[in-house]
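To start, the structure under review is shown below, and the notes come after it.
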Amino acid sequence: MRARADAIAGIVWFIPEARDGYGLGLSPAEGNLAARAACLGRVPGTVAAAAFAPLAPEVAAAAVDRALEVTDPETLLDRRLQACTRALHAVEVDRSDLERTVALTRRAAEAGTVPGHPVYAGLRSLPWPDDLVGALWRACDLVREHRGDSHVHAWMAADVDPVEINVLSECWRGQAVGSVTTLQMGWPSSAVDAAVERLEARGMLEHGELTATGRSLREDIEAATDRQERGVVSALGDEADECLERLTPWARAVTARAEAWWESGAAG
């Protein structure tokens, strides 16, 4: 469920509007982070940064504060939704019985727990889009954000800090240490180096690779995250497989579309 919803909701990171700051004179980071936080209302950047725990807080806070100097949450929410809806309408995929696909995905999306999930709660407070494709994107965004908050709960309970979880995840996925942590999450290389040293001291890393202890910890964090998402899947009951089957072609089509944007240099 996470893989499919993440792929569909993730179109928001690749649409040309994201690179253009939603036409508001914002940088890509300002537009994307402020639009994502807009469901929380007009909050200080430090509050948004707390909700986006894996990101460098100074980077997230500054981006949100800057965006709210020139626009408002309502405008950001509307432009983000409209841009994603247009993008999904342009994706080539079988739309037969789309109403059924949306109904199942929405049932799962609305089954998440609200306590401890601020961004998910913010999205739940918004009215559902009238457009079925827009509603599909919103449902997938809800699933994605609920799991994101659950993941924060899991790694914090495992005594792992924001930089360390990024580094552990890079090693777990076979990525270069610091590639995501610095380039996407905004942490300086000095913070990455310090996190590597801490993880090595704890026996989690050795020569830039996960030890058995480190791999076990990272997989335990993943399992703890998944346990918090049981309600999302159990809400579908015997129709869970049907929901996944209906979302699969959408996820594949969106991924292909995103890759085309990325290769063309249009991604934000």
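Return one quarter of the surface area of the convex hull spanned by the alpha-carbon atoms of region 158-223, equal to its mean projected area, in nm². Before the final figure, lay out the partial values.
On the way: hull surface 15.6 nm².
Reported value for the Cα convex hull: 3.9 nm².
Relative to the present Cα-Cα distance, how much length would full extension add between residue 219 and residue 176 at 0.36 nm per residue of separation?
Values: separation 43, 0.36 × 43 = 15.48 nm, distance 1.86 nm.
Extra length available between residue 219 and residue 176 comes to 13.6 nm.
Percent relative contact order of the chain, based on C-alpha pairs within less than 8 angstrom and at least six residues apart? Let's see the in-between values first.
On the way: 357 pairs, mean separation 77.8, N = 268.
Value for the chain: 29 percent.
Rounding to the nearest 20 debye, state how big the charge dipole of the chain is about its Cα centre with +1 on each Lys and Arg Cβ and -1 on each Asp and Glu Cβ. Don't skip to the end; give the middle numbers.
Numbers: 27 positive and 41 negative charges, 73 e Å.
Dipole magnitude for the chain comes out near 360 debye.
Would you mind listing how long the chain runs along its three principal axes, going by Cα atoms, in whole Å with the largest first?
The principal-axis extents, from largest down, are 53, 47, 38 Å.
Please identify which residues in region 143-158 have an amide N closer than 13 Å to a label point set 7 Å out from the Cα of residue 230, following the Cα→Cβ vector.
none
Every number in this text was worked out from the coordinates using simple rules, so none of it is lab data. Bear in mind the structure is a predicted one, so any value in this text is a computation, not a measurement. Glycine gets a Cβ as well: all are built from the backbone with ideal geometry, and neighbour counts include every protein chain shown.
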